[in-house]
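Undergrad: Pasting a structure below so you can have a look.
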Amino acid sequence: MPDLTGDPNQHNPKDSLTGSCLCGSITVTINDSELFTKPRGHLCHCSNCRKVAGSYVSSNLLIETEKVQITDRDGTLKTYEDRATGSGNPVYRSFCSVDGNPVKSETQAYPGKVILKMGMMPRIPQPEMEGFGLHRHSWQGKHEGITMYEVKWAGPDRKPME
């Protein structure tokens with residue numbers, strides 16, 4: 001049996017965190033010494049993020065573009081222009097064209113930032129919020145200490161769930 005690499009306790013990043021797609025063609029490095037000093041990122045329950053993640057929720061991190069280095073060794077990074085969004089603004093969803101691994105999303109709503117798909121990372125910071133809480137499945141558990149928003153988790157029209 002090959003060595004298992006999925007245990008987050010085996011990874012203790014200090015100033016950077018690196019993950020890769022399944023085939024190893026694309027690597028993403030986050031250079032942020034404060035990545036694990038407080039809750040960061042968000043869980044998203046919108047149907048588009050769920051589809052991209054292939055799961056009932058997507059773990060995402062909105063972060064400044066300059067803190068992220070993406071290496072596309074074999075030229076497999078492709079981008080899909082998603083126009084089926086609630087705002088009507090496109091979301092550019094990038095993925096590995098060999099193994100289908102989601103890598104990042106970008107939208108004009110967050111200039112200078114990128115939304116990383118954290119499932120490719122060996123360790124994920126505790127999320128600080130959940131978006132599209134109205135779209136959660138009834139069987140999902142609650143996460144203590146994480147603010148849940150009805151729909152949007154950012155911007156002036158965000159509304160916490162009660």
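Undergrad: Nearest 5 percent is fine: what portion of the DSSP beta bridges confined to the chain is antiparallel?
TA: Close to 85 percent.
Undergrad: I would also like to ask the following. So which GluC sites (Glu not before Pro) in segment 27-108 end up in coil per DSSP with only 13 or fewer other C-beta atoms within 10 Å?
TA: Here the sparse-neighbourhood loop sites are Glu34.
Undergrad: Something else now. Which values, in whole Å and largest first, are the semi-axes of the equivalent ellipsoid of segment 49-162 obtained as the square root of 5 times each eigenvalue of the Cα gyration tensor?
TA: 24, 16, 14
Undergrad: With viscosity set to 1.567 mPa s at 4 °C, what whole-number translational diffusion coefficient in µm²/s follows for segment 38-83 from Stokes-Einstein and a Kirkwood radius over Cα pairs?
TA: D, rounded to a whole number, is 101 µm²/s.
Undergrad: Sticking with this one: For the residue pair Tyr56 and Glu162, what label-to-label distance in nm results when each label sits 7 Å from Cα along the Cα-to-beta-carbon direction?
TA: Placing both labels 7 Å along Cα→Cβ, they lie 2.6 nm apart.
Undergrad: Same structure again: Can you pull the percent of segment 43-117's accessible area that's carbon plus sulfur, 1.4 Å probe, other chains left in place?
TA: Roughly 49 percent, rounded to a whole number.
Undergrad: Now for a different question. With Cβ to Cβ distances under 15 Å as the rule, what net charge do the other residues near Gly112 carry (K, R +1; D, E -1)?
TA: Combined, the nearby Lys, Arg, Asp and Glu give -1.
Undergrad: Once you order the gyration tensor axes a ≥ b ≥ c over the Cα atoms, which shape class does segment 2-77 get: rounded for a/c under 1.5, otherwise prolate or oblate by comparing a/b with b/c?
TA: Rounded is the answer for segment 2-77, as its axis ratio a/c remains below 1.5.
Undergrad: A further question on this structure: Can you give me the relative contact order of the chain as a percent, contacts being Cα pairs under 8 Å and 6 or more apart?
TA: 24 percent
Undergrad: Quick one: compute the contact order of segment 81-162, relative version, from alpha carbon pairs under 8 angstrom and 6+ residues apart, as a percent.
TA: The normalised contact order for segment 81-162 reaches 16 percent.
Undergrad: Stretch Asn9-Cys23 to full length: gain in nm at 0.36 nm per residue minus the Cα-Cα span?
TA: Here the segment from Asn9 to Cys23 would lengthen by 2.8 nm.
Undergrad: Within the chain, what's the longest run with no chymotrypsin sites (Phe, Trp or Tyr not before Pro) in a DSSP loop and at most 16 other beta-carbon atoms within 10 Å? Give the range, please.
TA: It runs 57-138.
Undergrad: Between exposed trypsin sites (Lys or Arg not before Pro) in the chain, where DSSP calls loop and at most 10 other Cβ atoms lie within 10 Å, what's the longest gap?
TA: The longest such stretch corresponds to 15-82.
Undergrad: Among Thr37, Thr18, Thr107, determine the one that fluctuates most according to a GNM of the chain built with springs between C-alpha atoms less than 10 Å apart.
TA: Thr37
Undergrad: Per residue, what accessible area does the chain have, given a 1.4 Å probe and all protein chains present, in Å²?
TA: Accessible surface, normalised per residue, equals 58 Å².
The values are calculated or read from the model by the stated rules, or taken from the named source; none is laboratory data. None of these values were measured; they are calculated from a predicted model. Reconstructed Cβ throughout: ideal geometry from the backbone, glycine too, with neighbour counts over all protein chains shown. For accessibility, only protein heavy atoms count, side chains too; no ligands or nucleic acids. Shrake-Rupley method; radii C 1.70, N 1.55, O 1.52, S 1.80 Å.
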